[in-house]
Each structure stands twice: as C-alpha cells, then as structure tokens.
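Chemist: Quick one: structure below, then a few questions.
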Amino acid sequence: GGDPSKYVAGGLVCYDLQSQDWAWSVHLDLTTDQQRWRAYVFGAPTVADLDGDGTAEVVVGTSLGLLYVLDATTGFALRGFPMQFGEIQAQVAVADLVTADHTGDLEMVFCDMNGNLVCVDRSGAVLWDRQLAGGSSATPAVWVVDGDGALDVAGTVTTASRASMLYL
C-alpha cells in the first residue's frame, strides 16, 4: 500500500532485436526518495565478453556504489557481484589492463565519487586501486599514452577548486 512516487528504483532491461521481444529485466537497487543516497543508474551499461568464452557480460555501476556484472543471456549476477564502492556515476570502462597475466581476459576500471580509481577482474578481485584528489563522474579513457605498448588510464577528477586530468 505504499505510494510509488516516494521510491527510486534502478534496473536494466534487455531487448532481443532478433526475436523482437524482451529477453530479461533485472531490478538492481531500491531506495526511498527522501534518503541521501538514491537508487539511480547514471552510466550506460557496458557489454563485453570479459573472459573470452563467447558469452557477453553486462557491467554497470549505480549511485549506491554497487558494481554489477550480469550474464548477458540471463541477466543473473555473476558470483562475487555486486561489489560495494563509492557512488559510481559513469560508465565502467573495459580493457585488457593486466597484459602481464597473459590470459586475454578483460578488466573493468572506473572512478567513484569518493576519489577511488579501481581495476576489478571478472571474478571480483580488486587488482589495483588509486586514491585520487577528488571524485569523477566521467568514464576513464584507456589507451597507450607513452608509446610503450601498455594501456594507460586517464580521466577527469573534480576537486573543490578545479577539474584536472590524471594519467597513470
């Protein structure tokens, strides 16, 4: 008997273009509209085959700071997810950032509003993290900056006084 206008819910839906029908829908987060942290999904989902098995995963972060990795076929969360971080406002970038492991698996990298730049693998292990001078509501860019062949991560960081670029 609650008033639906007093709640905020975040979720994902998947539409199958071949069958022209809904494949699945997943409820992610639910909060009231009166609390400080609300269940928004600001960033677009990222779809990628994280482990090279031929099946895609869907990666999305929420304003409650939850990082979700879902099976793209069923919408079910993978083991170890969701993971809790600070508020994630941007799309999660995906790339082979750990080339030394020679697995060919893709890692996820994102910034949260607490100033954390985090790299996570498909199993939910945090591979590395850096504390930044401020939070970020932008998706990190991944490319080779210095010509050494290894991918680098760059993104904007917002502090109380200015926005700046960070290179790793």
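Chemist: Just give me the residues in the stretch 1-20 being touching a strand residue (DSSP E or B) at 6+ places or on another chain (Cβ under 9 Å) and within 21 Å of Thr46 (Cα to Cα), in sequence order.
Modeler: Ala9, Gly10, Gly11, Leu12, Val13, Cys14, Tyr15, Asp16
Chemist: Suppose we filter the stretch 1-40 for residues that are of a type in the set (Ser, Thr, Tyr), in contact with a Phe, Trp or Tyr (Cβ under 9 Å, 6 or more places away or on another chain) and free of Cβ contacts under 8 Å to residues at least 24 places away in the same chain; how many remain? Lay out the reasoning, then the answer.
Modeler: Here is the first cut: in the stretch 1-40, the residues of a type in the set (Ser, Thr, Tyr) are 5, 7, 15, 19, 25, 31-32, 40.
Checking the rest, the ones that are also in contact with a Phe, Trp or Tyr (Cβ under 9 Å, 6 or more places away or on another chain) come to 15, 31-32.
Imposing the further condition that a residue be free of Cβ contacts under 8 Å to residues at least 24 places away in the same chain reduces the set to 15.
Counting residues in the stretch 1-40 that are of a type in the set (Ser, Thr, Tyr), in contact with a Phe, Trp or Tyr (Cβ under 9 Å, 6 or more places away or on another chain) and free of Cβ contacts under 8 Å to residues at least 24 places away in the same chain gives 1.
Chemist: On to the next question. So which residues in the stretch 78-92 are part of a strand (DSSP E or B) and surrounded by fewer than 17 Cβ atoms within 10 Å (Cβ to Cβ), if there are any at all? Give the steps one after another, and end with the answer.
Modeler: Here is the first cut: in the stretch 78-92, the ones part of a strand (DSSP E or B) are 83-84.
Hit for the stretch 78-92 is Gln84, nothing else.
Chemist: Could I ask something else about it? Hey, can you tell me all the residues within the stretch 110-140 that are surrounded by 17 or more Cβ atoms within 10 Å (Cβ to Cβ) and more than 13 Å from the chain's Cα centre (by Cα)?
Modeler: Correct list: Gly115, Leu132, Gly134, Gly135.
Chemist: Also: Considering each residue of the stretch 31-65, count those that are under 14 Å from the mean Cα position of the chain (by Cα), of a type outside the set (D, E, K, R) and open to solvent by less than 40 Å² (accessible area, probe 1.4 Å), and give that number.
Modeler: Adding up the residues that qualify gives 11.
Chemist: Please give the number of the condition Thr74 fails out of (1) open to solvent by less than 40 Å² (accessible area, probe 1.4 Å); (2) among the β-branched types (Val, Ile, Thr); (3) farther than 16 Å from Val126 by Cα.
Modeler: Failing condition for Thr74: (1).
Chemist: For the stretch 18-36, give me each residue that is within 19 Å of Leu66 (Cβ to Cβ) and part of a strand (DSSP E or B). Reasoning before the result, please.
Modeler: Initially, the stretch 18-36 is screened for residues within 19 Å of Leu66 (Cβ to Cβ), giving 24-33, 35-36.
Trp24, Ser25, Val26, His27, Leu28, Asp29, Leu30, Thr31, Thr32 - these are the residues of the stretch 18-36 that are within 19 Å of Leu66 (Cβ to Cβ) and part of a strand (DSSP E or B).
Chemist: Could you identify the single residue in Ala138, Ala39 that is of a type in the set (A, V, I, L, M, F, W, C), out of contact with any Cys (no Cβ under 8 Å at 6 or more places or on another chain) and part of a loop (DSSP other than H, G, I, E, B)? Break it down into steps so the answer makes sense when it comes.
Modeler: On the way: Ala138 fails: out of contact with any Cys (no Cβ under 8 Å at 6 or more places or on another chain).
Residue meeting the stated conditions: Ala39.
Chemist: Hey, any hits in the stretch 93-100 for a residue that's polar (S, T, N, Q), open to solvent by 10 Å² or more (accessible area, probe 1.4 Å) and closer than 21 Å to Leu132 by Cα? Outline the logic, then answer.
Modeler: Of the residues in the stretch 93-100, the ones polar (S, T, N, Q) are 99.
Add one more test, that the residue is open to solvent by 10 Å² or more (accessible area, probe 1.4 Å), and what stays is 99.
Subset that is closer than 21 Å to Leu132 by Cα: none.
No, every residue in the stretch 93-100 fails to be polar (S, T, N, Q), open to solvent by 10 Å² or more (accessible area, probe 1.4 Å) and closer than 21 Å to Leu132 by Cα.
Chemist: Taking the stated definitions as given, is Tyr68 buried (at least 20 other Cβ atoms within 10 Å of the Cβ) and either in a strand (DSSP E or B) or small (Gly, Ala, Ser) (or both)?
Modeler: Yes: the conditions hold for Tyr68.
Chemist: Shifting gears a bit: Name the single residue that is least open to solvent (accessible area, probe 1.4 Å) among those in the stretch 4-17 being outside any strand (DSSP E or B) and within 20 Å of Arg36 (Cβ to Cβ).
Modeler: Within the stretch 4-17, the subset outside any strand (DSSP E or B) is 4-6, 17.
Among the residues that remain, those that are also within 20 Å of Arg36 (Cβ to Cβ) are: 5-6.
Details: Ser5: 84, Lys6: 101 Å².
Filtering first and then ranking leaves Ser5.
The values are calculated or read from the model by the stated rules, or taken from the named source; none is laboratory data. Computed from a prediction, not measured in an experiment: that's the story for all the values here. Using ideal geometry, Cβ is built from the backbone for each residue, glycine included, and neighbour counts are taken over all protein chains shown. Heavy atoms of the whole protein, side chains included, go into the accessibility calculation; ligands, DNA and RNA do not. Shrake-Rupley method; radii C 1.70, N 1.55, O 1.52, S 1.80 Å.
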